[in-house]
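In what follows, a single structure is set out as structure tokens and then discussed.
The values are calculated or read from the model by the stated rules, or taken from the named source; none is laboratory data. Since we're looking at a predicted model, the values are computed, not measured. Cβ sites come from the backbone with ideal geometry, for glycine too, and all protein chains shown count toward neighbours. Side chains included, ligands, DNA and RNA excluded: accessible areas come from the protein's heavy atoms. Shrake-Rupley method; radii C 1.70, N 1.55, O 1.52, S 1.80 Å.
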Amino acid sequence: MNPNNYITRLEETIIQQQLLIEKLLEENLELKKKLTFYENPNTPPSARKFPKKKKRESNKKRGAPKGHKGATRPKLEPDEIIEVTAKECENCGGHNVQDLDNPDKRTIEDIPPPQKIKVIQYNLHRVRCKDCGHEFVSKHPDCPKVGNFGIFLLVYVTMLKFHLRGVLRKIQDFLLFANNFEISPKGIMDMLLRVGDACKTDYEKTITKIHQADWVHIDETGIKINGDPNWLWLFRTNNDDVLVAIEKSRGGKVPKEILGEKWDKPIIVDGWKAYWKYPIIQRCWAHLLRKVEAFEDKSDSGKQLSEDLHHCYKRLKEFLEKEPTMDERKEKKSSVEKEMKDIVKKYREYEELSEPVVYIENGLGKWFTFLLYPGMEPTNNLGEQAIREHVIVKKIIGCFRSKEGAENYQYIASLLASWKLQGKNIFEKLEETLRKELCLS
């Protein structure tokens, strides 16, 4: 073989391999960009599509924490006792059977079969007051003044939609098969709109409760109405009053409308710039720790930065467990704020860490607000937990089909979320609200 031909072929092979490597590097870069949509420092752990690379070491033992009630159901006293005595032998079929009077006792829990729709006619008599001459129509707490559906049916349908996250056509099928109630999806939607109208009054009262709160957690997530981008905002007070607001904007005017012009109390938020104008802010430590964790593999300095902040956070939690006085809290806040400035100064020289360092620097003065407010969380986890339900609903329904439907959703969802977090019976509370607004108002 001619040596020149061999060298030429070898050069061609090397060039082809170099081209292939460049192509693979481009594909790798493109895939990394797509991956960051699902996996980035701002993605909460519950929304991550892939498992975390590694877990931090923990001294906690596996198993249920102390005080856990366990899963064993308590044995209840029976509401009804049924004597079961065979009348014939299961072996030979004979009827000469003697009761030995030592029954095996089995206690079960069951519910009655689904109730069929009951049609009730209310004769609402007109009456006149003999004292003042006022004439009016008598009211019944179970009879709405508008519409053909009773309070219990409205509650039933609302819970199928909101609590069980049912879609309209599935609710339609369920009502038909379980209750022999025939209704169209449009009819179900009309029922829900009526419920939403009844919830408006208490929804507006929730805004007042927000104004009276000691602090508020705020979070937001994208959602669409007829394909157009909108934002679902969530406000959660320290008393677990929840307000859902669906707006076109993600800007600062939305919290301004909800909180009011003169809001001067703390808000617990992530790093979104719409919150920066407020005087008292607690930036979310969960976001901060995820941000620095993303740079652990960049360099030894990135790993050290992450360890420094995790250690700082751990020391703060241990400090709060000792139930410090307000003077101790103020002194601690002053010292850790200086420590955070030193961290920024220390790691600013590392170019690969510019993103997390700038993130920390932008939040200086806002990382330790919680030390001055006993009971306040250093993270916005309570806000993210409250908004998680609406993220799931968004994935189920895709988008709202009308602005009216979106507004209706926020009225009902806000009240149900508040009642649930406050440990109230959401069925009873909704029934009470509907009866008050639709029947007796």
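Observations on the model:
- The residues LEU259, LEU164, sorted by heavy-atom accessible surface at 1.4 Å with ligands and nucleic acids left out, run LEU164, LEU259 from largest to smallest.
- ILE223 long-range amide H proximity, modeled H, under 5 Å: ASN230, TRP231, LEU232
- Proximal aspartates and glutamates to LYS394, defined as alpha-carbon separation beneath 19 angstrom and excluding residues fewer than eight positions away on the same chain: ASP219, GLU220, ASP228, GLU247, GLU384, GLU404, GLU407
- Principal-axis tilt of helix 326-347 within the chain, Cα atoms, nearest 10 degrees: 40
- Percent of alpha-carbon pairs separated by more than 19 Å within the range 348-441: 66
- Gain in span if fully extended, GLU355 to HIS311, counting 0.36 nm per residue against the direct Cα distance: 13.8 nm
- For the range 200-268, the dipole from Cβ point charges (+1 on Lys and Arg, -1 on Asp and Glu) about the Cα centre works out to 160 debye, to the nearest 20.
- Partners for LYS32 among aspartates and glutamates (Cα-Cα distance below 19 Å; same-chain residues under 8 apart left out): GLU22, GLU293, GLU296, ASP297, GLU352, GLU355
- FRET E, pair THR85, SER184, Förster distance 51 Å, beta-carbon r, rounded to 0.05: 0.55
- Principal-axis tilt of helix 300-321 within the chain, Cα atoms, nearest 10 degrees: 40
- 0 to 90° range, to nearest 10: angle between helix 151-162 axis and the chain longest Cα axis: 20
- In the elastic network of the chain, a GNM with C-alpha springs shorter than 10 Å, the most mobile of ASN91, ASN238, ASN425 is ASN91.
- Column: log10 I(q)/I(0), Debye, Cα scatterers of the range 200-335, q = 0.12, 0.16 Å⁻¹: -0.65, -0.99
- Ellipticity estimate at 222 nm from DSSP helix runs (n ≥ 4, -39,500 (n - 2.57)) divided over the chain, nearest 500: -15500 deg cm²/dmol
- Computed Rg/Rh of the chain, alpha carbon atoms with Kirkwood Rh: 1.12
- Unit charges at the beta carbon, dipole of the chain: most positive-side option, VAL336, THR433, LEU192: VAL336
- Considering the range 285-441, its Cα convex hull presents a mean projected area of 14.2 nm².
- Rounded accessible area per residue of the chain, 1.4 Å, Å²: 68
- Amide H to amide H, with H built 1.01 Å from N, ILE268 comes under 5 Å of VAL216, HIS217, ILE218, GLN282, counting only residues 5 or more places away or on other chains.
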